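In what follows, a structure is listed as structure tokens, so that the remarks can point back to it.
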Amino acid sequence: MATNRTFTMIKPDAFGAGNSGAIIAMIEKAGFRLVAAKVTRLTAETAGRFYEVHKERPFYADLCKYMSSGTIMAIILEKDNAVADFRTLIGATNPANAAEGTIRKLFAKSIEANAVHGSDSDENAAIEGSFFFAQTEQF
Ligand code: CMP
């Protein structure tokens, strides 16, 4: 069932560079509403659990290390067609392939330090959102 919600993290590269405000401004301008938001930090263990789906991939260990290297911002977003529209707004995983004007094209440094995460399905959006936020924290 489509929930019209998606989940994003502003990753350590973008948060550390002071780009969270500019990124959230782009997200709101694109019509998304913030449902929950939290500045926090992952440990290698919690990053490993969040990205467990990638645990067989060659980049998994580096990804967990990177995602626990600095402060992040976790955000649940709401909009019609949220998952697909957000993936369009952020652009391709590798910023070298991201379209002009997308968040990753503007702010990402590399395929790993790619500024933001975006859920790839309604199901994963719900799972990822609940990783960070209780139902009572979602407005
Ligand atoms: P994200 O959308 O958060 O989902 C998985 C993350 O793994 C991805 O963004 C990148 O930050 C990271 N990653 C590192 N290397 C790769 C790769 N070769 N392919 C896909 N994702 C990668």
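The values are calculated or read from the model by the stated rules, or taken from the named source; none is laboratory data. The structure presented is a predicted model; accordingly, all values stated were derived computationally and were not measured. Positions of Cβ are generated from backbone atoms using ideal geometry, with glycine treated the same way; all protein chains shown enter the neighbour counts. Quick note on the areas: whole protein, heavy atoms, side chains included, nothing else; ligands and nucleic acids left out. Shrake-Rupley method; radii C 1.70, N 1.55, O 1.52, S 1.80 Å.
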Residues (open to solvent by less than 50 Å² (accessible area, probe 1.4 Å), part of a helix (DSSP H, G or I) and of a type outside the set (D, E, K, R)) located in segment 85-123: Phe86, Leu89, Ile90, Pro95, Ile103, Phe107
Some residue of segment 76-83 being in a loop (DSSP other than H, G, I, E, B), of a type outside the set (Asp, Glu), open to solvent by 70 Å² or more (accessible area, probe 1.4 Å) and closer than 13 Å to Arg5 by Cα: yes
Residue within segment 34-57 that is away from the ligand (no atom under 13 Å from the Cβ), of a type in the set (Phe, Trp, Tyr) and open to solvent by less than 50 Å² (accessible area, probe 1.4 Å) present: no
The one condition in (1) of a type in the set (Lys, Arg); (2) in a helix (DSSP H, G or I); (3) touching a Leu at 6+ places or on another chain (Cβ under 9 Å) that Lys65 fails to fulfil: (3)
Matching residues in segment 1-19 - criterion: being surrounded by fewer than 21 Cβ atoms within 10 Å (Cβ to Cβ), small (Gly, Ala, Ser) and at negative phi: Ala2, Gly16, Ala17
Given (1) touching a strand residue (DSSP E or B) at 6+ places or on another chain (Cβ under 9 Å); (2) touching a residue at least 12 places away in the same chain (Cβ under 8 Å), index of the condition Glu28 fails: (2)
Matching residues in segment 45-61 - criterion: being assigned to a helix (DSSP H, G or I) and under 17 Å from the mean Cα position of the chain (by Cα): Thr46, Ala47, Gly48, Arg49, Phe50, Glu52, Val53, His54, Tyr60
Subset of segment 20-33 [surrounded by 13 or more Cβ atoms within 10 Å (Cβ to Cβ) and of a type in the set (A, V, I, L, M, F, W, C)]: Ala22, Ile23, Ile24, Met26, Ile27, Ala30, Phe32
Among (1) under 16 Å from Asn4 (Cα atoms); (2) open to solvent by less than 50 Å² (accessible area, probe 1.4 Å); (3) not β-branched (Val, Ile, Thr), the one test that Gly70 misses: (1)
